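One structure below.
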Amino acid sequence: MRSPLTEKANLLLLGLAFIFIGLNLRPILASVGPLLPSIQEDISLSFTLASMLTLLPVLAMGLGCFVGFHIAKRLGFNTVMTGSLLLLIVATAMRFWVMDANWLICSALLAGVGIALIQTIMPTMIKLNFGERVPLMMGLYVTAIMGGAALAASSAPFIGMNLGWRAGLGHWTWLGIVALALWLMVKHKAALVNQTTEQTVPLRFWRFRRSWLLAIFFALGTSCYVCVLAWLAPYAVELGYSQTQAGLVLGFLTSMEVIAGLVFPWLASKSTDRRAIIALLCLLQLIGFMGLALAPQVSLFLWAGLAGLGIGGIFPLGLIVTMDHQQNPMLAGKLTAFVQGVGYTIAAISPWIAGLIRDNFNSFNSAWLLLGGISLMAWILSWQFNPQGYAHQYQVTRCVS
C-alpha cells in the first residue's frame, strides 16, 4: 500500500505532466499572428485564407470532441494521450519545411486533431485523479494552455527575425517532446477509467436544453479567444506597431489570460455559485473589445489587457461550470466533450468572419464590435448557471459497487 506522501508526490508529478501538456495546445495557433506579415511576404496568403490557419484546427477540435471520447474508451485514455502528443509534435515540426499555404493548412489541421483528442479526454482524467481539487487543477491546466499561447505570441517575432518565420512556427516542437517525455514517465500513475467501479446511465446530452446552453456559452467565449489569437497582432501592425511590438501586445493579452486563469477559478472555488465572477469577466471582455474598436489610440495594451482578463477567466470557468453539472467523472467528461464539440465547431468560423471583414472593409474595427456584442450575449447567459438547479437538469448517475 502506498503511503499518503507517495500518493501526494505521484499526484504532483501527474499534475505537472498535465500542465506541460496544456502548454502545447496553443503555440501552433498563437505563433501565426505575429509572423503573418512575414509569411504573406513569402507565400501567397490573403487574410481570408490566413484565417484557415485558425479556423481548421479549431473546427477539428470541435468535430474531434464528438468522436474522441469513443476512441479513448476503445483504445485507452493513456494510449490516446500518447498518440495525440505525437501527432502534435509531427504537425509542429512540419512547419520547418513549409513550401506553400496548403502545407501550412495541412499542418494546422493535423494539429487540430491531436489537440481535439487531448482536450476531449483531459477533463475526465482530471476529475478522476484530482477529486476535490478539480477546480484548482482545471485552472492550472487551462492557465497552461493560455501560458503556451503567451510564450508563443511574445517570442515568435524574435525567433522569426533571427532564424526566419518557419523556425518561429516550428521550433515549438521541443516543447511537445518535453511534454511527451514527462507524460511517458508518469502515465502509469494516472487512474485508469476502466478501473473505476462507477457505471453510468447512458445520457444523450444533445437532448437536454442545459447542454446546449453550456455549449453556446462556451462557443461565445471561445470565439473571442480564437479571434484575438488570429488577428490582434495583425491589427497592431496596421496601427503602426512593428511585428515585434505587435507580438508583445498579443503576448501581454495572453499573459493577462494566464493571470485570470489562475486567479478567477481560485476565487470561484470559494462558492458553488460562480455567476457573479463570470458576469464580471464578461464585462471586462466587453470593455476591452469596445476600446479596441473605438479608441485604440488611448492604449492598445490597456484594451488588450482588459479583454485578456475576461477571456482568460471565462475559458476555464466555462469548463468548470460544465463539470459542476455531473459528479461522475465519465459523465462529466462526456458532457464536457459535447460542450467543447459544439463550442469549438461554432467558434471556428469567427476568425474567418473577421478575416472577411478585414478583406472587405480594410479594417478590423467591425470585428471587434462584433466580439463586443458576443461578450454582451455571454453576460446575459452567465446568469442562467444557478447551482441550485444543477441536480434537476440531468438524470442521476447510477453507481454499482
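The values are calculated or read from the model by the stated rules, or taken from the named source; none is laboratory data. Quantities reported herein were computed from a predicted structural model and do not represent experimental measurements. Neighbour counts are summed over all protein chains in view; Cβ atoms, including those assigned to glycine, are modelled from backbone coordinates with ideal geometry.
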Practice prompt. Would you tally the residues in the stretch 78-100 being over 17 Å from Gly160 (Cα atoms), touching a residue at least 40 places away in the same chain (Cβ under 8 Å) and touching a helix residue (DSSP H, G or I) at 6+ places or on another chain (Cβ under 6 Å)?
Written response: 6
Practice prompt. Of the numbered conditions (1) surrounded by 21 or more Cβ atoms within 10 Å (Cβ to Cβ); (2) more than 19 Å from the chain's Cα centre (by Cα); (3) not acidic (Asp, Glu), Val321 fails exactly one; give the number of that condition.
Written response: (2)
Response to the item:
Taking first residues from the stretch 36-53 that are on the phi < 0 side of the Ramachandran plot and second residues anywhere that are among the basic types (Lys, Arg) and buried (at least 18 other Cβ atoms within 10 Å of the Cβ), the pairs with Cβ under 8 Å that are 6 or more apart or on different chains are Phe47/Arg358
Discussion item. Any residue at all in the stretch 321-340 that's in contact with a Lys or Arg (Cβ under 7 Å, 6 or more places away or on another chain) and under 23 Å from Tyr235 (Cα atoms)?
Written reply: no
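Counting just the residues of the stretch 173-205 that are modelled with pLDDT under 75 and of a type in the set (Val, Ile, Thr), which one comes out surrounded by the most Cβ atoms within 10 Å (Cβ to Cβ)? First the steps, then the outcome.
Our first condition is that a residue be modelled with pLDDT under 75; within the stretch 173-205, this holds for 189-203.
Narrowing the set further to residues that are of a type in the set (Val, Ile, Thr) leaves 193, 196-197, 200-201.
Working: Val193: 19, Thr196: 13, Thr197: 7, Thr200: 17, Val201: 11.
For the stretch 173-205, the residue satisfying everything is Val193.
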Discussion item. Given the condition free of Cβ contacts under 8 Å to residues at least 12 places away in the same chain and more than 9 Å from Gly33 (Cβ to Cβ), answer yes or no: does some residue in the stretch 222-235 qualify?
Written reply: no
Discussion item. Of everything in the stretch 127-172, what is touching a helix residue (DSSP H, G or I) at 6+ places or on another chain (Cβ under 7 Å) and not in a helix (DSSP H, G or I)? Give them in sequence order.
Written reply: His171, Trp172
Item to complete: Go through the stretch 355-401 and give me each residue that's in contact with a Ser or Thr (Cβ under 7 Å, 6 or more places away or on another chain), crowded, with 19+ Cβ neighbours inside 10 Å and at pLDDT below 85.
Response: Gly355, Ile357
Worksheet item: Being in contact with a Pro (Cβ under 6 Å, 6 or more places away or on another chain) and part of a helix (DSSP H, G or I), is that true of even one residue in the stretch 275-286?
Response: no
Practice prompt. Looking only at the stretch 241-260, decide whether some residue is among the β-branched types (Val, Ile, Thr), surrounded by 23 or more Cβ atoms within 10 Å (Cβ to Cβ) and at pLDDT 90 or above.
Written response: no
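Output yes when any residue across the stretch 298-318 is over 18 Å from Leu381 (Cβ atoms), in a helix (DSSP H, G or I), in contact with an Asp or Glu (Cβ under 7 Å, 6 or more places away or on another chain) and not charged (D, E, K, R), and no when none is.
Keep residues of the stretch 298-318 that are over 18 Å from Leu381 (Cβ atoms), which gives 298-309, 312.
Now drop any that are not in a helix (DSSP H, G or I), which leaves 300-309, 312.
From the residues that got through so far, the ones that are in contact with an Asp or Glu (Cβ under 7 Å, 6 or more places away or on another chain) too are 308, 312.
Next, from what is left, pick out any that are not charged (D, E, K, R): 308, 312.
Yes: one or more hits.
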Response to the item:
Given the conditions (1) touching a residue at least 12 places away in the same chain (Cβ under 8 Å); (2) surrounded by fewer than 23 Cβ atoms within 10 Å (Cβ to Cβ), every one holds for Ala30 apart from (2)
Discussion item. For the stretch 33-48, check the following and say yes or no: at least one residue is aromatic (Phe, Trp, Tyr) and more than 20 Å from Thr345 (Cα to Cα).
Written reply: yes
Worksheet entry | The listed residue being buried (at least 22 other Cβ atoms within 10 Å of the Cβ), modelled with pLDDT of 90 or more and over 19 Å from the mean Cα position of the chain (by Cα), out of Leu302, Leu309, Leu331, Leu286 | Leu286
Fill in: Selection status of Thr48, surrounded by 21 or more Cβ atoms within 10 Å (Cβ to Cβ), closer than 27 Å to Ala367 by Cα and hydroxyl-bearing (Ser, Thr, Tyr)
no
